[in-house]
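The structure appears below as structure tokens.
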Amino acid sequence: MVVYVLKYDIHPDKTDEFPEWGQSAIKRTLAVPGVKEFRAYRTTVGSNQIVCTYEFEDMASFSSWAESEECRKVNEETYAMGINLTSELWGPSQAAPEPIRPNE
């Protein structure tokens with residue numbers, strides 16, 4: 001499992017157009033093969049910070065997805081819609097390579 005984490009603040013000048021763009025960006029990135037799961041989060045109080053996570057089966061799936069023309073376009077647009085962008089790519093932990101769920 002590989003997890004791609006994208007964090008950014010909505011650009012103050014883009015708050016009105018962000019909701020429509022965000023829905024479009026999600027649909028377009030999920031139309032590219034490879035994503036197993038997508039989640040998005042916002043801070044609970046007073047900020048326009050966004051955190052998105054994309055899960056992939058393996059590094060090859062992530063690489064193919066990230067190098068696609070559509071994902072490159074969305075990435076460029078994200079830099080116009082957001083500020084303070086950071087991204088991280090996480091692989092499985094040796095201590096817990098598979099999910100551990102309580103009561104299972």
Requested in this report: Would you be able to tell me the number of residues in segment 62-92 that are assigned to a helix (DSSP H, G or I) and either buried (at least 17 other Cβ atoms within 10 Å of the Cβ) or in contact with a strand residue (DSSP E or B) (Cβ under 7 Å, 6 or more places away or on another chain) (or both)?
Outcome: 8
Report task. Please find, among 29, 15, 43, 78, the residue that is in contact with a Cys (Cβ under 7 Å, 6 or more places away or on another chain) and among the hydroxyl-bearing types (Ser, Thr, Tyr). Result -> 29
Requested in this report: Residue by residue through segment 23-37, note down the ones that are in contact (Cβ under 8 Å) with a residue 12 or more places away in the chain and of a type outside the set (S, T, N, Q).
Outcome: 25, 26, 28, 31, 32, 33, 34, 35, 36, 37
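A short reminder: the numbers here are calculations on the coordinates, not readings from a lab. These figures come from a predicted structure and were not determined experimentally. Cβ coordinates were reconstructed from backbone atoms using ideal geometry, including for glycine residues, and neighbour counts include every protein chain displayed.
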